[in-house]
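First the structure, in the form of C-alpha cells, and then the observations on it.
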Amino acid sequence: TDSDIYTSAVQLVYNPSVESSNQLGTILTVKHLEVQLQDLPTYYGLNQETNVVGHGTLAGGWICVYVPEGTALNKPFPDYGTGKDNYTFYEPNQFVLGSGTWLEGWQIYQTADILKVRDAGSVGISQVPDISAGNNMRIKVPLSKKLNPGDAIYMIYYVVHTPNLTNASVTGCSSVVKYASKAN
C-alpha cells in the first residue's frame, strides 16, 4: 500500500498589497532566507494487526515557493495517489525557489502483547540514528527575489508517513525564520 503524504504550509514573507495596507505598493527585495527547524514532525499510531504502538520522527522535506498576488498556494505532489509511478513535485514548477529533505529521526515501538514481550525480552524497541540536529535542521535558500505588492513566499513541509499504523496522527514542525529585506 502507498504511504500517506502529510503537508503543511507557512507564509514566511508577505509584501502587503495596496488594497490591504496603507502603503504605496513598494517592491520588496528578499535575500538570504534561513529557516531553523526547532523540531521535526512526529507521529503516533497503532499497528492493529500486531498490537504495536509506534512513535517517532518522520523523514520528510520542504519546498520554498513564490506565490504571486492573485495566485493560490498549490498542494505539492498534485497527482499523488493516481496510480502513476512518477509524481509532479509542485506546479507551476517555475515558482519553486528551493527544496530539500531531512532524515528520519528516532523511533520507538512498544507492545503490550505478553508473548511478544517474552520472546523479545523487552517491552519496546528504540532506534536512534546518528544524525546531528544542527545542519540537518537548518534550511538555507540563497535567493534575491523581488516581491511586488501582494506577493508572498511560503515554506511547504511534507512527510511520508509509515503505512503500517492506523489512526496515526502527525504533529510538530515549528521553526524560526530569518531573512534580509529591502524596500526598492
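The values are calculated or read from the model by the stated rules, or taken from the named source; none is laboratory data. Predicted model only: the values in this text are computed from it and were never measured. Don't worry about glycine lacking a Cβ; one is built from the backbone with ideal geometry, like all the others, and counts go over all protein chains shown.
Before we move on, is Y158 touching a Phe, Trp or Tyr at 6+ places or on another chain (Cβ under 9 Å), modelled with pLDDT of 65 or more and in a loop (DSSP other than H, G, I, E, B)? It would help to see each step written out before you state the result.
Numbers: touching a Phe, Trp or Tyr at 6+ places or on another chain (Cβ under 9 Å): yes; modelled with pLDDT of 65 or more: yes; in a loop (DSSP other than H, G, I, E, B): no.
Spelling it out, it is not the case that Y158 is touching a Phe, Trp or Tyr at 6+ places or on another chain (Cβ under 9 Å), modelled with pLDDT of 65 or more and in a loop (DSSP other than H, G, I, E, B).
Taking the conditions exactly as written (part of a strand (DSSP E or B), modelled with pLDDT under 75 and touching a Phe, Trp or Tyr at 6+ places or on another chain (Cβ under 7 Å)), does Y6 satisfy them or not?
yes
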